[in-house]
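Participant: Below you'll find the structure I mean.
Values quoted throughout were computed directly from the atomic coordinates according to the rules given, and no laboratory measurement underlies them. Just so it is clear, the structure is predicted and the values come from calculations on it, not from any experiment. Please note: Cβ atoms are built from the backbone with ideal geometry, for glycine as well, and neighbour counts cover all protein chains shown.
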Amino acid sequence: MSTSAGKIGAASRAAAAAAVDAVIHNGRSLEQVIPECLTEALSPRDVTLVKALVYGALRGHCLHQYLISKLLSKPLKKKDIVLESLLSVSLFQLLESDQPDFAVVSATVDAAAVLGRPHARGLVNAVLRNFLRQREVLLKAAMQEPAARYRLPVWLLDRLRSSWPDTWEAIAAASNLQAPMWIRVNQQRTSVSDYQQQLKTDINLSAESSAVCPGSLKLESAVRVDVLPGFESGHSSVQDIAAQLAATVLAPKPGEKILDACAAPGGKTGHLAELSAYGANITALDHSAERMQRVTENLERIGANATLIVGDAAAPEGWWDGELFDRVLLDAPCSATGVIRRHPDIPLLRRDSDISALTDLQERMLAALWLVLKPGGQLLYTTCSVLPVENQSVVAAFLQGHPEARVLPVDCLEHVAAKHIGPGHQLLPGNPLDSDGFYYALLEKAAE
Amino acid sequence: MSLLKILEYPHPRLRIKAVPVAAVNDTIRQLVDDLFETMYAAPGIGLAATQVDVHQRLLVLDVSDDQNESMCFINPEIIARDGAEITEEGCLSVPGVYEGIERAQHIRVRALGRDGNSFEMDAEGLLAVCIQHEIDHLDGKLFVDYLSELKRQRLKKKIVKAQKQTSVTA
């Protein structure tokens, strides 16, 4: 079969603008918005493009917003605010894609009409042409504005700068890069080298293994999961290497009783099952019944069993059966500032004021789950945050109040983690593993 | 690897019904590789063995935007279908013709992979369209068969005329 040459049309652009608008102006997450904006009218090819446009526009949003403010003589009317997102989508393309400028401008003008703003066609045309004329000057001026230059909101830049004075610029830069696709090979079903070979033979895809995390493969390019060999039968799963290191560091053994707190969507639960050769007694806990459905699906796919409990990790009295756990994984709710490269909506949705509520929750969960851990057992506290207030500070405060707790060194993280500024290990975006930002503190409870 | 010649409508051999592949061996895998090479070079997004005058039930496709998601279906069967959608289709065996064709919107297909292992998958959108289009080839059917008699005759005349002209100048 063949197709007539398809170019990105106005409909795709309008769909992308609507999604960006829902994130920026309605505070909704990409996870909710993406499925909604992908209407039936879009082909799979368009879907890929719409996603690329949405991610690109959000990654560059702080810069685009600056440029738009300079290009508009007066602010947009409230009812036309969606046009800001449409312009953001187009600026992303003009700045970073190899689409010819004229094609971008003409399709954007049409997209304004698709969005029900035909009166704004002239405005859109003028703004974009103005940008093309003054491009160099505008971009030079933008470099003087921190948010536009580092493409992150000022509150986050301030926190990064004070937390990581030597590396904050590299963290910001890495957070705006597209993330690679990492997969986890189920070593109970196949070996990493066999799977690597299978990827090459079946779908002509190269993948790089990692000495730090056995079982991880970094794909040379992203593919849809349905083309991954044996995906449906659980031979592999999609998971960043940083997340894979959580279960790897906790190292569950057959016969042990394990708790995965804050388990949804169940990637780490499945990994715990695989690493214990399907022999551990795993409990997966999450506060959301809806998200627990994802855990069920994930476990079914890899053929693993777990006891699923909908409950609050900070309040074990509501769900715990009184039997202590050998190992506990607490992947705590956090600012997710380590995974901005995968979720460019995060810095735009979060507010500085969210952080203190999160640290409070993290402290309460850690203290509560410590009580369900056996003496001699291990608890791994992780977050996908790069902010020390959610990581080192939480663990340090906990250690002060718990003399029976000590932090174990984790050798495999030692040479890839950032320099120690407190207990535990911090992977920062831009690290040699090419992983997400992630924090790990492996705590051991003294035997009685 | 080699580029194979694609039969063009109204070539009578496009009407042969293909037989199931008996065993997925190296010969078949070689054919799969050649089909991919031929498809990408054309350029197309799907190619059935029938189109290169091999009458065995196998097809290859890649509907991804970056042309980096190759898929191979050996002895494919559609085991479920629902919905209806019209998509503009073209065909490497009917060059230059693009027409809206109505097909099932969602399908579930069972086939063997390049490794000979059986798999099932759900498809929708362009992927579903392409799979149905290519399976039709294996049954000796072409997308122009769905057009009205009048339209098809007109197309046929135009294509035959174009083919004659090319053979004169060649």
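Participant: Kindly provide the trypsin sites (Lys or Arg not before Pro) of region A:25-98 that DSSP labels as loop, not H, G, I, E or B, and whose Cβ sees at most 13 other Cβ atoms within 10 Å.
Facilitator: On the way: sites: A:Arg28, A:Arg45, A:Lys51, A:Arg59, A:Lys70, A:Lys77, A:Lys78, A:Lys79; in loops: A:Arg28, A:Lys77.
Those satisfying the criteria are A:Lys77.
Participant: Now a separate question. How far is helix A:44-59 tilted, in degrees, relative to the longest principal axis of the Cα atoms in chain A, given as a value from 0 to 90 rounded to the nearest 10?
Facilitator: 90
Participant: Find, to one decimal place in angstroms, the Kirkwood hydrodynamic radius of region B:51-170, where the mean of 1/r is taken over every pair of different Cα atoms and then inverted.
Facilitator: Numbers: mean 1/r = 0.0633 Å⁻¹.
This gives a value of 15.8 Å.
Participant: Another question, then. Among all the lysines, which ones have a C-alpha under 22 Å from A:Lys218's C-alpha, if same-chain residues fewer than 8 places away are not counted?
Facilitator: Partners within reach: A:Lys51, A:Lys200, A:Lys268.
Participant: Within a Cβ distance under 14 Å of A:Gly338, other residues only, what is the Lys/Arg minus Asp/Glu net charge?
Facilitator: Net of charged neighbours comes to -1.
Participant: If I fit a long axis through the Cα atoms of helix A:121-142 and take the longest principal axis of the Cα atoms of chain A, what angle between them do I get, 0 to 90°, rounded to 10?
Facilitator: Result, in degrees: 60.
Participant: Checking the a/c ratio against 1.5 first, then a/b against b/c, what shape does the Cα gyration tensor give for region A:236-289? Numbers along the way, then the final one.
Facilitator: On the way: a/c = 1.78, a/b = 1.08, b/c = 1.65.
Cα axes put region A:236-289 in the oblate bin.
Participant: What does the structure give for B:46-52 when I average, per residue, the other chain Cβ atoms found within 10 Å of the residue Cβ?
Facilitator: 1
Participant: How do the peptides A:410-416, A:106-112 rank, highest first, by the average count of neighbouring beta carbon atoms within 10 Å per residue?
Facilitator: Ranking the peptides A:410-416, A:106-112 by packing returns A:106-112, A:410-416.
Participant: Once the other residues with Cβ under 14 Å from the Cβ of A:Val407 are scored (Lys, Arg +1; Asp, Glu -1), what is the net sum? Before the final figure, lay out each step's value.
Facilitator: Working: positive: A:Arg406, A:Lys445; negative: A:Glu404, A:Asp411, A:Glu414, A:Glu444.
Once positives and negatives cancel, what remains is -2.
Participant: For helix A:10-26, report the angle its Cα long axis makes with the longest principal axis of the Cα atoms of chain A; keep it between 0 and 90° and round to the nearest 10°.
Facilitator: It works out to around 60 degrees.
Participant: Taking +1 at the Cβ of each Lys and Arg and -1 at the Cβ of each Asp and Glu, which of A:Leu366, A:Trp164, A:Gln198 sits farthest along the dipole of chain A towards its positive end, judged by Cα position relative to the Cα centre?
Facilitator: Value: A:Trp164.
Participant: Compute log10 of I(q)/I(0) for region A:241-445 with the Debye formula, placing one identical point scatterer on every Cα and leaving out solvent, at q = 0.12 Å⁻¹, to two decimals.
Facilitator: -0.56
Participant: Nearest 5 percent is fine: what portion of the DSSP beta bridges confined to the protein assembly as shown is antiparallel? The partial results should precede the final answer.
Facilitator: Numbers: 49 of 68 bridges.
Here the antiparallel bridges make up roughly 70 percent for the protein assembly as shown.
Participant: Report D for region A:274-391 in µm² per second (integer): Stokes-Einstein, Kirkwood Rh on Cα pairs, 25 °C, 0.890 mPa s. List each step's numbers first, then the result.
Facilitator: Working: Rh = 15.8 Å.
Estimated via Stokes-Einstein, D reaches 155 µm²/s.
Participant: Output needed: percent of Cα pairs per 5 Å distance bin for region A:209-314, bins running from 0 to the one holding the longest distance.
Facilitator: 2, 13, 22, 23, 21, 12, 5, 1, 0
Participant: Tell me which of A:Gln187, A:Phe231, A:Ala207 sits at the most positive position along the dipole axis of region A:182-238, charges placed on C-beta atoms (Lys, Arg +1; Asp, Glu -1).
Facilitator: Result: A:Gln187.
Participant: State the answer as a single residue: which of B:Leu147, B:Gly113, B:Ile159 lies farthest towards the positive end of the charge dipole of region B:105-162, with beta carbon charges of +1 for Lys and Arg and -1 for Asp and Glu, about the Cα centre.
Facilitator: B:Ile159
Participant: I would also like to ask the following. Taking a 19 Å limit on the Cα-Cα distance, which of the listed pairs A:Lys257/A:Lys445; A:Lys70/A:Lys140; B:Lys17/B:Lys156; B:Lys5/B:Lys158 fall beyond it?
Facilitator: The pairs that break the limit, which is 19 Å between Cα atoms, are B:Lys17/B:Lys156; B:Lys5/B:Lys158.
Participant: Then there's this: Taking Rh as the Kirkwood radius, which is the inverse of the mean 1/r over Cα pairs, what is the Rg/Rh value for region A:3-148?
Facilitator: 0.94
Participant: By how many nm would the segment from A:Ala397 to A:Ala126 lengthen if fully extended, with 0.36 nm per residue of separation less the alpha-carbon distance?
Facilitator: Length gained, A:Ala397 through A:Ala126: 92.0 nm.
Participant: What does the charge dipole of region A:139-220 about its Cα centre add up to, to the nearest 20 debye, if the Cβ of each Lys and Arg holds +1 and the Cβ of each Asp and Glu holds -1?
Facilitator: 160
Participant: Taking a ≥ b ≥ c as the square roots of the eigenvalues of the Cα gyration tensor of region A:405-448, is the shape rounded (a/c under 1.5), prolate (a/b larger than b/c) or oblate?
Facilitator: prolate
Participant: R0 = 30 Å: FRET efficiency of B:Gln153 with B:Arg13, Cβ-based, nearest 0.05?
Facilitator: For B:Gln153 and B:Arg13, the calculated efficiency is 0.90.
Participant: Please get the size of the charge dipole for region A:3-148, origin at its Cα centre, with Cβ charges of +1 on Lys and Arg and -1 on Asp and Glu, quoted in debye to the nearest 20. Intermediate values should be presented prior to the final figure.
Facilitator: On the way: 17 positive and 13 negative charges, 97 e Å.
Around 460 debye, computed over region A:3-148.
Participant: Based on alpha-carbon atoms only, what is the radius of gyration of region A:177-233 relative to the globular estimate 2.2 N^0.38 Å?
Facilitator: 1.05
Participant: With the contact rule set at Cα under 8 Å and sequence spacing of 6 or more, what percent relative contact order holds for region A:241-445? Each step should come with its number before you reach the end.
Facilitator: Details: 436 pairs, mean separation 42.3, N = 205.
Contact order relative to length: 21 percent.
Participant: Quick check for me: using +1 on Lys/Arg Cβ and -1 on Asp/Glu Cβ, what's the dipole size of the protein assembly as shown about its Cα centre, in debye to the nearest 20?
Facilitator: 2300
Participant: Right, next: Does the protein assembly as shown come out rounded, prolate or oblate by the C-alpha gyration tensor, with a ≥ b ≥ c the root eigenvalues, rounded set by a/c under 1.5 and, if not, prolate when a/b is larger than b/c and oblate if not?
Facilitator: oblate
Participant: Suppose the chain between A:Ala113 and A:Ser193 were pulled fully straight at 0.36 nm per residue; how much longer would it get relative to their current alpha carbon spacing?
Facilitator: On the way: separation 80, 0.36 × 80 = 28.80 nm, distance 5.24 nm.
Separation in residues times 0.36 nm, less the Cα-Cα distance, equals 23.6 nm.
Participant: Quick check on the protein assembly as shown: helices-only [θ] at 222 nm, where DSSP H runs of length 4 and up contribute -39,500 (n - 2.57) each and the sum goes over total residues. Nearest 500, please.
Facilitator: -13000 deg cm²/dmol
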